[in-house]
Ligand SMILES: Nc1nc2c(ncn2[C@@H]2O[C@H](COP(=O)(O)OP(=O)(O)OP(=O)(O)O)[C@@H](O)[C@H]2O)c(=O)[nH]1
Ligand SMILES: [Mg+2]
């Protein structure tokens, strides 16, 4: 969302939306969206598109002399909130990607109240930052990599419960990466299915695609087939994995053998699926560790929304 001054928008020909109401609008031909009237001073633009669209509309507004606020001020957007922390909670709920995050957020807001904190100033220095909470709000990227034709795309289809990736008994079926939202036991991730890569693959495009997504991953799943003696990830991909990124070794097609090289968890996605629940639990705990959720110290959850605010 983009927060702007009401009179600035009015000068550009957008009639002021009354307080608490919403109107559809064509946003400079860049996107359709709605305008929410906070009051006569503040209006909120909500286009359909993502970050790139928000940036273009912000540039257009600024270029036409309508100043845009760098960051949303939740206590202005949610005047019904009883204090600043509750307003940040409402804002966080409006952008929360993961079902698990909703309960966590409400619980942490209550914890701040129990500590007697009503504003971020009072809360500063008393809570903790959290990578895990950020991952609940903004889906982390999970990348499945490994040799061709070992069931990577079949696994994605099983997790989602429908056919979102191409599966075939032909090496190199997946030709481009597919980013799909997947709910891993309450934690929503952006799952990227890559084309199979091993030392026999010399196609520069395929290597480049897989290397690029691995370099930006929050978690890498190294998929290893049942008869793979070595279970080593192609060096052109392993070189791209950042130091702090977790790597899960996943044994594929467990119905075909026992993974002699050692793996963390094994799955079969055949007619009788096996191990998928264990995989989901492992991935969820790697991304959002349960001891982080159980820790009674409250999260400064506004930092995940507007670090600079
Ligand atoms: N036995 C068995 N076969 C499987 C399993 N999962 C997938 N397959 C089969 O393995 C073959 C390859 O499956 P895909 O999911 O396309 O494999 P992939 O790793 O995505 O292949 P690429 O995209 O070419 O890298 C297909 O014939 C699937 O039916 C499994 O758990 N057990
Ligand atoms: Mg595939």
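The values are calculated or read from the model by the stated rules, or taken from the named source; none is laboratory data. Everything numeric here is computed off the predicted structure, so don't read it as measured data. Here Cβ is always computed from backbone atoms with ideal geometry, including for glycine, and neighbour counts include all displayed protein chains.
Among the residues making up the range 147-169, those that are modelled with pLDDT under 95 and at positive phi are 149, 161.
Residue-by-condition table, conditions (1) in contact (Cβ under 8 Å) with a residue 12 or more places away in the chain; (2) within 16 Å of ligand 2 (Cβ to nearest atom); (3) within 17 Å of residue 298 (Cβ to Cβ); (4) within 18 Å of the chain's Cα centre (by Cα):
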site: 86; (1), (2), (3), (4): yes, no, yes, no
site: 100; (1), (2), (3), (4): yes, no, yes, yes
site: 106; (1), (2), (3), (4): yes, no, yes, no
site: 123; (1), (2), (3), (4): yes, no, yes, no
site: 133; (1), (2), (3), (4): yes, no, yes, yes
site: 138; (1), (2), (3), (4): yes, no, no, yes
site: 141; (1), (2), (3), (4): yes, no, no, yes
site: 166; (1), (2), (3), (4): yes, yes, no, no
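Of all residues in the range 170-209, those that are at pLDDT below 80, in contact with a helix residue (DSSP H, G or I) (Cβ under 9 Å, 6 or more places away or on another chain) and at negative phi total 8. Among residues of the range 238-258 that are surrounded by fewer than 13 Cβ atoms within 10 Å (Cβ to Cβ), those with a Cβ under 7 angstrom from a residue that is outside any strand (DSSP E or B), sequence gap 6+ or separate chain, pair up as 258/226.
Residues that are more than 19 Å from residue 281 (Cα to Cα), crowded, with 22+ Cβ neighbours inside 10 Å and within 12 Å of ligand 1 (Cβ to nearest atom) do not occur anywhere in the range 124-144.
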